[in-house]
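Trainee: What follows is a structure written as structure tokens; I'll ask about it next.
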Amino acid sequence: MKIVTVVGARPQFIKAAAGSRQIRKDHTEILVHTGQHFDENMSDVFFREMEIPEPNYNLGVSGGTHAQMTAKMLIGIEEILQKEQPDALLVYGDTNSTLAAGLAAVKLHIPVFHVEAGNRLGTLNSPEEVNRITTDHIATINFCATEDALGKLREEGVEERSYFVGNIMYDSFLHFVNQPLKHPNILDFDGKPVTIPSEYYYMTCHRQENTYCDEPLTEILLAMNSLDAPTIYAVHPRNHDRAKCICEKRGLKNIILTQPVGYSESVHLTTNAKKIVTDSGGLQCEAFYAGVQCVFVLDFVVWPETMVDNRNQLAKADQRDILEKLSRNQTVNRDYQPFGDGHAAEKICEIIKKWERKEL
Ligand code: UDP
């Protein structure tokens with residue numbers, strides 16, 4: 001088959017690394033990059049390091065309101081689909097790129113395959129939730145990362161076209177976790193290499209809720225600064241100035257600010273960290289895979305499967321709450337693996353083959 005895959009944001013590159021490798025064994029893949037994340041350390045490094053094939057198209061759409069971004073992507077993707085006439089479209093996750101591609105395809109009667117379907121927060125206030133629900137309901141096949149997600153699709157009446165395959169990010173994690181990191185390329189804000197301390201905490205924090213003003217991020221950074229080892233904070237480009245300003249103003253010497261890091265570096269920082277503090281859905285799962293304890297700074301649970309035995313705990317953007325959660329001990333039961341067996345990409349391709357042969 002000819003399959004058009006649309007990606008646009010960092011976590012989608014990480015998922016596509018495992019997906020494209022498998023899909024290209026049996027199919028012709030046309031890769032479209034919407035341009036949502038575009039610079040060297042949010043995009044290019046992943047394509048290079050993870051050997052993701054060069055995109056066939058780059059729409060260069062970034063910034064603007066949700067409507068502006070989605071509308072521009074819809075127009076661009078529709079043109080590509082009309083030109084390429086693929087047998088199917090494949091999308092990952094819940095970004096505006098996912099929604100725009102799904103909508104463009106379904107209106108052209110092109111079957112949509114949605115990877116990481118069925119996750120629900122229970123609120124339409126989250127733009128990603130809107131993207132997820134819409135894409136799940138227009139998809140021809142939904143691939144779920146957890147049984148819980150499949151259960152949600154069952155409740156919503158689309159079970160007959162939905163399958164549990166495991167989390168494709170786990171495939172990528174396993175692929176990289178055993179590769180020694182010979183030359184870590186972790187740079188500070190001035191572009192100088194950062195030496196990784198023998199003991200450290202790893203932090204990422206970029207969600208609107210925690211970074212729209214100084215207060216929540218200051219609380220988080222004050223908590224991290226008071227810990228018994230430095231914190232490596234890999235800063236998303238849009239929070240660069242705020243993070244720098246807070247650390248300088250408050251004299252936070254125990255925080256090491258870095259530019260976004262590549263995926264191998266992020267996996268290395270995760271597996272060797274004392275603990276992790278984040279508001280990233282992807283990173284909290286990776287902490288879980290690595291058996292490293294995580295504190296998730298947000299008001300709602302994103303991956304409920306990880307919230308067992310103190311392995312991942314919700315905290316408010318509040319110093320005391322973060323420190324209290326970090327002080328607890330976790331229990332790691334290695335037999336509990338709700339994210340599948342690390343072969344999600346193979347399972348997705350097997351199901352696609354069955355669909356192609358009309359055996360589903
Ligand atoms: N990540 C990375 N470099 C960084 C920070 C994060 O490679 O500097 C990886 C991280 O390991 C995880 C993914 O990016 O796999 C998470 O992406 P992001 O936080 O952008 O998205 P979210 O998880 O919030 O959807």
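Trainee: As a footprinting exposure proxy, order 66, 37 by other Cβ within 10 Å, with the fewest listed first.
Mentor: Numbers: 66 12, 37 24.
Lowest count first: 66, 37.
Trainee: Within 10 Å of each candidate Cβ there may be at most 13 other Cβ atoms; applying that plus a DSSP loop requirement, which GluC sites (Glu not before Pro) in the range 2-93 survive?
Mentor: Working: sites: 29, 40, 49, 51, 78, 79, 84; in loops: 51.
Listed in order of number, the matching sites are 51.
Trainee: Now, a different point. Distance in nm between label sites at residue 65 and residue 327, each 7 Å beyond Cα in the beta-carbon direction?
Mentor: Going from the residue 65 label point to the residue 327 one covers 4.6 nm.
Trainee: Rg and Dmax of the range 124-276 over Cα atoms: what are they, in angstrom?
Mentor: My reading of the Cα-based Rg and Dmax gives 19.2, 56 Å.
Trainee: Rounded if a/c is under 1.5, else prolate if a/b beats b/c, else oblate: with a ≥ b ≥ c from the C-alpha gyration tensor eigenvalues square-rooted, which is the range 197-270? Display every interim value, and only then the final one.
Mentor: On the way: a/c = 1.88, a/b = 1.20, b/c = 1.57.
Judged from the Cα gyration tensor, the range 197-270 comes out oblate (a/c at least 1.5, b/c at or above a/b).
Trainee: Testing the spin-label approximation: label points 7 Å from Cα along Cα→Cβ at residue 121 and residue 241. State their distance in nm.
Mentor: Taking the simple label geometry, residue 121 and residue 241 are separated by 2.5 nm.
Trainee: Using the crude model of +1 on Lys and Arg Cβ and -1 on Asp and Glu Cβ, and no other charge, please compute the dipole size for the range 253-360 relative to its Cα centre, in debye to 20.
Mentor: Roughly 140 debye, rounded to the nearest 20.
Trainee: While we're on this one: Return the loop-located trypsin sites (Lys or Arg not before Pro) in the range 123-193 (DSSP other than H, G, I, E, B) with at most 13 other Cβ atoms within 10 Å of their own Cβ; answer none if there are none.
Mentor: Working: sites: 132, 152, 154, 161, 182; in loops: 182.
Sparse-neighbourhood loop trypsin sites (Lys or Arg not before Pro): 182.
Trainee: Take the alpha-carbon centre of the range 241-257, take the same for the range 319-360, and report the distance between them in whole Å.
Mentor: The distance from the Cα centre of the range 241-257 to that of the range 319-360 comes to 34 Å.
Trainee: Among 141, 196, 30, determine the one that fluctuates most according to a GNM of the chain built with springs between C-alpha atoms less than 10 Å apart.
Mentor: In the Gaussian network model the winner is 196.
Trainee: Hey, another quick one. Can you give me the Kirkwood hydrodynamic radius for the range 124-176, using every pair of distinct Cα atoms, in Å to one decimal? Show your work: numbers first, answer last.
Mentor: Values: mean 1/r = 0.0840 Å⁻¹.
After inverting the mean inverse Cα-Cα distance, the result is 11.9 Å.
Trainee: Still on this structure, please answer the following. What is the Cα coordinate range of the range 68-182 on the first, second and third principal axes, sorted by size from largest, in whole angstrom?
Mentor: Ordered largest first, the range 68-182 gives principal extents of 42, 41, 29 Å.
Trainee: I'd like the per residue volume of the convex hull spanned by the Cα atoms of the chain, given in cubic angstrom. Show your work: numbers first, answer last.
Mentor: Details: hull volume 47.0 nm³, N = 360.
Cα convex hull per residue, to the nearest whole number: 131 Å³.
Trainee: Please tell me the relative contact order of the chain in percent, rounded to the nearest whole number, where contacts are Cα pairs under 8 Å and at least six residues apart. List each step's numbers first, then the result.
Mentor: Working: 677 pairs, mean separation 52.2, N = 360.
The normalised contact order for the chain reaches 15 percent.
Trainee: Percent relative contact order of the range 233-360, based on C-alpha pairs within less than 8 angstrom and at least six residues apart? Write out the running numbers ahead of the final one.
Mentor: Numbers: 129 pairs, mean separation 18.6, N = 128.
With pairs under 8 Å counted, the relative contact order is 15 percent.
Trainee: Helix-only mean residue ellipticity at 222 nm, the chain, DSSP H runs n ≥ 4 weighted -39,500 (n - 2.57), per residue, nearest 500. What is it? Could you put the intermediate results ahead of the total?
Mentor: Working: 14 runs with 153 residues, N = 360.
Computed mean residue ellipticity for the chain: -13000 deg cm²/dmol.
Trainee: Have a look at 43, 97, 126 and tell me which one the Gaussian network model of the chain (Cα, springs below 10 Å) gives the largest fluctuation.
Mentor: 126
Trainee: Using the alpha carbon gyration tensor of the range 227-360, what are the three equivalent-ellipsoid semi-axes (square root of 5 times each eigenvalue), largest first, in whole Å?
Mentor: Numbers: eigenvalues 221, 72, 36 Å².
After scaling each eigenvalue by five and taking roots: 33, 19, 13 Å.
Trainee: Sticking with this structure for a sec: To the nearest Å, what is the center-to-center distance of the range 63-137 and the range 211-237, using C-alpha atoms only?
Mentor: 33
Trainee: Relative contact order (percent) for the range 192-274, with alpha-carbon contacts under 8 angstrom and 6 or more residues of separation?
Mentor: Working: 98 pairs, mean separation 29.9, N = 83.
Taking the mean separation of contacting Cα pairs over the length of the range 192-274, I get 36 percent.
Trainee: Which of the helices in the chain meet the span-like rule: DSSP H, Cα axial reach of 15 Å or more, Kyte-Doolittle mean at least 0.5?
Mentor: Details: long enough: 10-26 (25 Å, -1.02); 66-84 (26 Å, -0.06); 96-107 (17 Å, 0.81); 127-138 (17 Å, -0.96); 214-225 (16 Å, 0.27); 240-250 (16 Å, -1.43); 344-356 (18 Å, -0.27).
Qualifying helices, which must be both long enough and hydrophobic enough, are 96-107.
Trainee: As a test of understanding, state the convex hull volume per residue of the range 1-146 from its alpha carbons, in Å³. Please list the in-between numbers first.
Mentor: Numbers: hull volume 15.2 nm³, N = 146.
That works out to 104 Å³ per residue.
Trainee: Determine the alpha carbon to alpha carbon distance for each of 152/316; 25/353; 2/107; 274/347; 192/253; 2/25 and list only those over 23 Å. Can you show the working numbers first?
Mentor: Working: 152/316 26 Å; 25/353 12 Å; 2/107 18 Å; 274/347 34 Å; 192/253 17 Å; 2/25 12 Å.
Distance filter (> 23 Å) returns 152/316; 274/347.
Each reported figure results from applying straightforward, stated rules to the coordinates on display, with no laboratory input. No experiment lies behind these values; they were computed from the predicted model shown. Neighbour counts run over all protein chains shown; Cβ positions are idealised from the backbone, glycine included.
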